[in-house]
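S.K.: Here you go, one structure.
The values are calculated or read from the model by the stated rules, or taken from the named source; none is laboratory data. The structure presented is a predicted model; accordingly, all values stated were derived computationally and were not measured. Reconstructed Cβ throughout: ideal geometry from the backbone, glycine too, with neighbour counts over all protein chains shown. Just so you know, the surface numbers come from the protein's heavy atoms only, side chains and all, with ligands and any DNA or RNA stripped out. Shrake-Rupley method; radii C 1.70, N 1.55, O 1.52, S 1.80 Å.
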Amino acid sequence: ATDTGHGAVLVLPPEFEIHALKNKISPAARTKFTDTQLSAFILQYRNISAAALAVERSLQWRKRYKFLNETNLKKFSNVAFIHGPRQTWSGGYQLVLRLRDAMDAVGMEGLDEVVAAVMTQAEQQWIALKNSHGAMRGRLVALVDCSGIDLTSFPISLVATTLVTLDANYPQLACEVHVINVWWLMRRALQILLEVVSSNTKGRVKIYQADFDGIEKLHEKFSPHILPRCIVGGKCHCHRCKTQAFAVRPSARALAGSWRGLTWQQMSGSQRRQYLRHLAVYSIALVVFYPMFYFRMTVHPVMATTLAMMRRWGFRRRFGAMLFVSLVLAGFTWQFV
């Protein structure tokens, strides 16, 4: 996903598999989808029959779905947009989705319109997929910016609808999906949402936390000169980015969930609430699970050893020796566990 050519080339399936899929789908589907697009379904589902069913479902979805025209699409230019230059190894552009702006757009335009904007961008790139010497070219690298989003403001409906729709109708279009600036607790919610998509798609998603380590890992993956300026560290000078200000690296207090290392007086109201929730969850876990852990690590080994010795040596003759050994084991366990 960098401008130095990193990434694996997606090799198209053999011709006989594409012909086998064409024999299983309707004439309308054969007309609607190119061989490269049909190859994407085969690579996604790895089964001709399953791929044929997915192609027919996608055909019916496209017949009834209303994509946005260019005029309406411009309303969402700050929500979802295509960013260049092309990735050297995939031949496609970057699809940038900004969740904070998407939430604002949902309140103004509605959920369906925001999802339609993302689907329209994906459809335009889907049409551009092509076969280049047996490899699929034109695949997207998706960047999902979660700046300003925490668990209480996470747009679950928007993310879930977008994930399911893209996974079902645009297989293999996104070669990588990078979710950046993610709060640590929201990371768990994202991992749960990813269970609704195929394992093939799930394996292409990478999540970066909203801390300095996450930012550095993102910069290791991407050259700053191909990242849009709306993302921290982006230094792109394309026509779109020239008019935008550089995103400022957030301070420790601005990072979601970054109460660690701060005193109570330095924390903001949101960070204090996060800190108190953390203490509550930790205290409940300590009270509930520590007794079971202590019994499993301390009492259970002593009981198991004593009963085994009693069965082997007999209760009456060796009771004193077994009691002594059990006490020694209990003492050592108490000291070292």
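S.K.: Under the 0.36 nm per residue contour assumption, what length would be gained going from the current alpha-carbon distance of VAL287 and HIS225 to full extension?
M.R.: Computed gain between VAL287 and HIS225 is 17.3 nm.
S.K.: Which length gain, in nm to one decimal place, applies between MET108 and GLU216 when the Cα-Cα distance is subtracted from 0.36 nm times their residue separation?
M.R.: Roughly 35.4 nm would be gained on extension.
S.K.: Next question, about the same structure. What share of the DSSP beta bridges in the stretch 25-161 is antiparallel, in percent to the nearest 5?
M.R.: Counting only bridges with both partners in the stretch 25-161, antiparallel ones make up about 60 percent.
S.K.: With r as the distance between the Cβ atoms of SER49 and GLN124 and R0 = 30 Å, compute the FRET efficiency 1/(1 + (r/R0)^6) and round to 0.05.
M.R.: The computed FRET efficiency comes out at 0.50.
S.K.: Let me ask you something else. Report the one residue of SER157, PHE81, VAL114 whose Cα lies farthest in the direction of the positive end of the charge dipole of the stretch 37-160 (charges on C-beta: Lys and Arg +1, Asp and Glu -1; origin at the Cα centre).
M.R.: Toward the positive end, the furthest listed residue is PHE81.
S.K.: For each pair in LYS63/LYS206; LYS32/LYS63; LYS74/LYS235; LYS32/LYS130, compute the distance between the two Cα atoms and list the pairs where it is over 21 Å.
M.R.: LYS63/LYS206; LYS74/LYS235
S.K.: I'm a student and want to see the number: the projected area of the Cα convex hull of the stretch 101-221, averaged over all directions, in nm².
M.R.: 8.1
S.K.: Something else now. Output the direction-averaged projected area (hull surface divided by four) of the convex hull of the alpha-carbon atoms of the stretch 1-131, in nm².
M.R.: With every direction weighted equally, the projected area is 9.1 nm².
S.K.: Could you estimate the translational diffusion coefficient of the stretch 55-111 from the Stokes-Einstein equation, with Rh from the Kirkwood formula over C-alpha pairs, at 20 °C and 1.002 mPa s, in whole µm²/s?
M.R.: D, rounded to a whole number, is 158 µm²/s.
S.K.: Kindly sort GLU109, GLU176, GLU17, GLU195 by accessible area of their heavy atoms, largest first, with the probe set to 1.4 Å.
M.R.: GLU195, GLU109, GLU17, GLU176
S.K.: Restricting to bridges with both residues inside the stretch 104-216, how much of the DSSP beta-bridge set is antiparallel, in percent to the nearest 5?
M.R.: 25
S.K.: Which order do the peptides 32-43, 272-283, 70-81 come out in when sorted by mean C-beta neighbours inside 10 angstrom, highest first?
M.R.: Ranking the peptides 32-43, 272-283, 70-81 by packing returns 32-43, 70-81, 272-283.
S.K.: Return, ordered by residue number, the residues of the stretch 169-188 whose backbone nitrogen is under 13 Å from a label point located 7 Å along Cα→Cβ of TRP61.
M.R.: Backbone N within reach: 169-174.
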